[in-house]
1. If you take the residues in region 314-370 that are among the β-branched types (V, I, T) and assigned to a loop (DSSP other than H, G, I, E, B), which one is farthest from A126 (Cα to Cα)?
2. Mind telling me which of the residues V300, V366, V325 ends up being over 28 Å from F245 (Cβ atoms), buried (at least 23 other Cβ atoms within 10 Å of the Cβ) and of a type in the set (A, V, I, L, M, F, W, C)?
3. Find the residue count for region 147-188, including only residues that are assigned to a loop (DSSP other than H, G, I, E, B), at pLDDT 95 or above and basic (K, R).
4. Considering region 16-45 alone, what residues qualify as being surrounded by fewer than 17 Cβ atoms within 10 Å (Cβ to Cβ) and in a helix (DSSP H, G or I)?
5. From the list I125, I105, pick out the single residue that is in contact (Cβ under 8 Å) with a residue 12 or more places away in the chain and surrounded by 21 or more Cβ atoms within 10 Å (Cβ to Cβ).
6. How many residues are within 14 Å of T324 (Cβ to Cβ) and of a type outside the set (V, I, T) when one looks only at region 113-125?
7. Kindly list, by first and then second residue, each pair from a residue in region 7-24 that is closer than 20 Å to T314 by Cβ to a residue that is in a helix (DSSP H, G or I), limited to pairs with Cβ atoms under 6 Å and residues at least 6 apart or on different chains.
8. Which residue out of G296, G285, G312 is of a type in the set (G, A, S) and at positive phi?
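The values are calculated or read from the model by the stated rules, or taken from the named source; none is laboratory data. All of these numbers come straight from a predicted model, not from anything done at the bench. Here the Cβ is made from the backbone with ideal geometry for all residues, glycine too, and neighbour counts use every protein chain on show.
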Amino acid sequence: MAYRVRVITASDHAAFNAAQPAVSFLQTPAWASVKSGWGSQSLGWFDDRGRLVGAGLVLYRRLPGFRTSLAYLPEGPVIDWASDDLAGWLGPLVEHIKRSGAFAIRIGSTAVARTWSAETVKAAIADPAVTRLGDVPPDTVGEAAARARSQLRELGWRPPKETEGFSAGQPRWVFQVPLAGKDEDQLLKGTNQLWRRNIKKAGKAGVIVTQGGVEDLPDFYRIYLETAERDHFVPRPFSYFPAMFEALSAEDEDRIRLYLGHHEGDLVASTIWIRVGGHAWYSYGASATAKREVRGSNAVQWRMITDALAAGCTVYNLRGITDTVDKNSPHLGLIQFKVGTGGEAVEYLGEWDLPLNRLLYKAFDVYMSR
């Protein structure tokens, strides 16, 4: 099949996404408005009958000091990643982006490569001889992702360098809770004993979880800054969050939600939930340093999981983890918290780069590493 790639309207892009079972929120045309400091295009793939069969949001990041950009499709494009002819899909994309003068292309597929159940992850954490989840035999292997990986390498694509912790791109390792075919009781039974105890403890302590609005973002941001200081990460500026709410809500009024967990009038935890189709994401989270004992974070997470189930979602995505299960790693606590939900660790096919100008690509690599 010979596909043609051309720019499409945001409305055509949104209509295509709406017809899919699920699409990453990073591949919605609304996300271009969130990333207003980047250039952007919505692209469509058309077959020989003129039908729109694929789509992607391209963000253009300028290389400082040069009149050229990185073309980035976060968790996209939305094409047939199970195809035996990825060259037919990606070739027209490369030709289109070359005409823009970009020095490299980065794509990111959410095709599932491998999964590890909560029990497998817990066993790996308990084994002192294991330091990486990737060294543990997975519970499932995605054959389509394996074929796609081989094709990408043959076509000259390569994964970006991986470093300890989280890279500059989107996570290749995530933790998800499958929701399809389950009810609330089954999901609760799937959590570990500590999670069930903490959910119950939050209820007994009187933690109340509600949905808020844009007007409540200053409260969220206050404890988000507390969380950043406590967990040693660089926080986003406040302006990012109202912009995200405005852009995503304009595309779908229930695309994004703010959850607030209060105890006796004090905000103890707050999170941001995003949904596209049958996929819901825990996007941002914050918790107050005070009153940790009332387990507000567990209460808010449980509310988001049950709300995702009520909305008809098939997956609740807690977003990134690293593959470390080393007891000395600072990232171990994150996977331990998420594994308590009873879900599964998932490795995506992930991000791949195609250098179009190798010298500039190397310069960008050095720039990002700094």
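1. If we take residues in region 314-370 being among the β-branched types (V, I, T) and assigned to a loop (DSSP other than H, G, I, E, B), then T314 is farthest from A126 (Cα to Cα).
2. Only one candidate passes the filter, namely V325.
3. Count: 1.
4. Scanning region 16-45 gives a single hit, A18.
5. After applying the criteria, what remains is I105.
6. Of the residues in region 113-125, 2 are within 14 Å of T324 (Cβ to Cβ) and of a type outside the set (V, I, T).
7. From region 7-24, the pairs are V23/N17.
8. Sole residue among the options that is of a type in the set (G, A, S) and at positive phi: G312.
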